[in-house]
Every structure is written in structure tokens, then in C-alpha cells.
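Worksheet: one structure, shown below.
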Amino acid sequence: KLFDDTKDEL
Amino acid sequence: MNIFRLAGDMTHLASVLVLLLKIHTIKSCAGVSLKTQELYAIVFATRYLDILTSFVSIYNTLMKLIFLGSSFSIVWYMKYHKTVRRTYDRDQDTFRHWFLMLPCLLLALLIHEKFTFFEVLWTFSLYLEAVAILPQLVLLQRTRNIDNLTGQYIFLLGGYRGFYILNWIYRYFTEPHYVHWITWIAGLVQTLLYADFFYYYFLSWKNNKKLQLPA
């Protein structure tokens, strides 16, 4: 996975 | 999603809408820094590279599309629209944005969570967003003649940053393992850059006078 799950902000 | 994050996103959205409203209906971009708008377009382009590969929610994808679309269309309007581009304060907006981009790129290459292409660009976008408002603040200082919409645009952008800090504090205490030093420090620096502007904005609001910055 390129991005971890906490990168959910804009 | 907590209330602070939502409030932050909505003020961010409102700021973009205010700017588009000014450009669309008044057909003017007076007092708006093209340098800052170009930097934001780069910020969103480098941060949302994952738009096709990682899906968080419809809300997230939709907002990413809005920020990408609006930032690039604002740049397009200021550069190419036949009436709007004539209102651009070209001679005053002389900030060298390379001086902001290069250090941000170097810093992202040095300080990041993981040394991968996407991660470094994502980190670069955080650093760049932190300082992207500087050309706008310099232009504001130079033109001195600030119309309401431009003032509101910057006020809403600053509000968005403030709400994000509250969001991080909330998430830190409610979510396990929620620690993002790079995001927090870059975000804090960004918010501090608005402090001076906010001070004068509130002063003019309190005295019910037009916003004016000291020379």
C-alpha cells in the first residue's frame, strides 16, 4: 500500500 | 471525521468559493497573488497523487477533485481569461516562488517518514502549503487597498488552518497511534503566518472599519 490509513486528511 | 475537521474543510471550501465568486462574477482578481495560487495548485497536485490508487471515502475523493479543479482553474483564469487577467497586479506580485519551492523540496528529501517517491512528494506538499500564503501576504502588504472578498478569502484560509489544529488535538486524544509530527509542525508554522493578518483583521472588524495593513 502506497499510503497509510491515517492519510485521510485533505 | 470530527466536527473540527469538518469545520476546517468547510472553511477551506468556503475560501475557494469566495475567490471563485470574485473572479467569476466581478471578473476581477485584483489583490490576489498568482504566485500563491500557483503554489496551491502544485501543493494539491503533489499531495493528491494517490487520488486514483487509494480510496478513503467519497467525501475525500470529491473534496480532492474540488481542490484540484478549483486551484488549477483559478490559475487559468488569472493567466488566460481576457478580462480577469487584466486586473492582476502583475507588477506588485513579484515574489520568487522558486525560493519557496526549492527549500521545501530539499527539506522533504531530508526530513520525511519514508523515503519513497510518493511519500517525499506528499511531505513536499505539506512544507509548501505551510509557506504558500507568503506571496499573498506580501502582495496584500504592498497593495494596501484590500477589498472585502480578498480579506475574507485570507480570513477563511486562516480559519481552516486553525480548525485543523483543533482536529489534530482531538484526534491525538481520541485515536490510538495518531502521531504525525511532520504534518503538525508544518501546519503550526502555516497557522502562525496568519497571526499578523488576523490581528489586523479583527482590529478592523472591531472598529467596523475597512481592513488596512500598516506600511
Exercise for review: Of the numbered conditions (1) β-branched (V, I, T); (2) more than 21 Å from B:R144 (Cβ to Cβ); (3) crowded, with 21+ Cβ neighbours inside 10 Å, B:T36 fails exactly one; give the number of that condition.
Suggested key: (2)
**Study point:** region B:2-34 - residue that is touching a Leu at 6+ places or on another chain (Cβ under 8 Å) and charged (D, E, K, R) and, of those, farthest from the other protein chains (Cβ to nearest Cβ)
**Key:** B:K22
Review point. Can you tell me which residue in region B:61-75 is nearest to B:A132 (Cα to Cα), limited to those that are among the hydroxyl-bearing types (S, T, Y) and within 14 Å of chain A (Cβ to nearest Cβ)?
Key: B:S71
Exercise for review: Return yes when B:T123 is in contact with a His (Cβ under 6 Å, 6 or more places away or on another chain), without any contact (Cβ under 8 Å) to a residue 60 or more places away in the chain, of a type outside the set (D, E, K, R) and within 22 Å of B:L68 (Cβ to Cβ) and no when it is not.
Suggested key: yes
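Quick grid of which residues meet (1) touching a helix residue (DSSP H, G or I) at 6+ places or on another chain (Cβ under 7 Å); (2) at positive phi:
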site: B:G162; (1), (2): yes, no
site: B:Y172; (1), (2): no, no
site: B:H177; (1), (2): no, yes
site: B:H180; (1), (2): no, no
site: B:A186; (1), (2): yes, no
site: B:L192; (1), (2): no, no
site: B:W205; (1), (2): no, no
site: B:N208; (1), (2): no, yes
Point to revise | Tally of residues being under 17 Å from B:L157 (Cβ atoms) and of a type in the set (A, V, I, L, M) across region B:37-67 | key: 6
Practice item. For region B:76-131, name all the residues that are within 14 Å of chain A (Cβ to nearest Cβ) and either among the aromatic types (F, W, Y) or closer than 21 Å to B:L20 by Cα (or both). Key: B:F115, B:F117, B:F118, B:W122, B:E129
Point to revise | So B:K22, is it of a type outside the set (S, T, Y) and on the phi > 0 side of the Ramachandran plot | key: no
Practice item. Answer yes or no as to whether B:S57 is modelled with pLDDT under 95, farther than 20 Å from B:F124 by Cα and small (G, A, S). Key: yes
Exercise for review: Consider only pairs whose beta carbons are under 6 Å apart and that are at least six residues apart or on different chains; among these, list those whose first residue lies in region B:103-117 and is within 9 Å of B:Y127 (Cβ to Cβ) and whose second residue is assigned to a helix (DSSP H, G or I) and hydroxyl-bearing (S, T, Y).
Suggested key: B:C104/B:Y127; B:L107/B:Y127; B:A108/B:T123; B:A108/B:Y127
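The values are calculated or read from the model by the stated rules, or taken from the named source; none is laboratory data. As the structure is a computational prediction, the values presented were derived from the model and not from experiment. Methodologically, a virtual Cβ is constructed for each residue, glycine included, from the backbone with ideal geometry; neighbour enumeration extends over all protein chains shown.
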